[in-house]
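What follows is a short report on a single structure.
What follows draws every value from the coordinates through simple rules; no lab data is involved. The structure displayed is predicted, hence computed values, not measured ones.
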Amino acid sequence: MSASTRTQPAVWPEGVIARYVTDAGKLIGDPNVTVDLIEQDDRIRARCTACPDSESDFYFDPMCTGARATGWATNQAATWAQAHAETCRALPRPTA
Ligand SMILES: [Zn+2]
């Protein structure tokens, strides 16, 4: 493996429960250009690492507890993330 090979980090950022590589990430071979699902106190936030303005919150159902409260929000967030990742051609701003 060459030094320039891009790989997933050994540990995901705190709170991230799922990642979807975007179309741009696929094209440039960078698995770190992703839409992340981030679990917060009362919601799942879906956020694109390449275009942070593209984010959406999916709130847990306050009438339910446990998996029933989080399941719907997680499913909706996953659907949003998958759809965004399939079409997003934004590139993240280089760091360094
Ligand atoms: Zn995006």
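Each residue of segment 46-58 in turn: what ³J(HN,Hα) in whole Hz from Karplus with 6.51, -1.76, 1.60 and θ = phi - 60°, glycine and Pro shown as x?
Working through the residues one at a time gives 9, 9, 8, 6, 8, 9, x, 5, 8, 9, 8, 9, 10 Hz.
At q = 0.28 Å⁻¹, work out log10 I(q)/I(0) for segment 22-87 with the Debye formula, treating every Cα as an identical point scatterer and leaving solvent out; two decimals please.
-1.12
Using each residue's phi in segment 18-23, evaluate 6.51 cos²θ - 1.76 cosθ + 1.60 at θ = phi - 60° and report the 3J(HN,Hα) Karplus result to the nearest Hz, with x for Gly and Pro.
7, 9, 10, 5, 7, 4
Please report the spacing between the Cα centers of segment 54-73 and segment 8-38 in Å, no decimals.
So the separation of the two Cα centres works out to 22 Å.
Which whole-Hz couplings ³J(HN,Hα) result when phi for each residue of segment 76-92 is put into the Karplus expression 6.51 cos²θ - 1.76 cosθ + 1.60, θ = phi - 60°, listed in order with x for Gly and Pro?
Computed from phi, the couplings for segment 76-92 are 5, 5, 5, 5, 4, 5, 4, 5, 5, 4, 5, 10, 6, 10, 6, 9, x Hz.
Please list, ordered by chain and number, the residues whose modelled amide H lies under 5 Å from the amide H of Thr34; skip anything fewer than 5 residues away on the same chain.
It is Thr22, Thr49, Ala50, by chain and number.
Kindly provide the helix-only [θ] at 222 nm of the chain, computed as the sum of -39,500 (n - 2.57) over DSSP H runs of four or more divided by all residues, to the nearest 500 deg cm²/dmol? Mind showing how you got there, number by number?
Working: 2 runs with 28 residues, N = 96.
My calculation for the chain gives -9500 deg cm²/dmol from helical runs alone.
Give the relative contact order (percent, whole number) for the chain; include only Cα pairs under 8 Å separated by 6+ residues. Present the calculation step by step, with values, prior to reporting the outcome.
Details: 161 pairs, mean separation 25.7, N = 96.
Reported as a whole number, the value is 27 percent.
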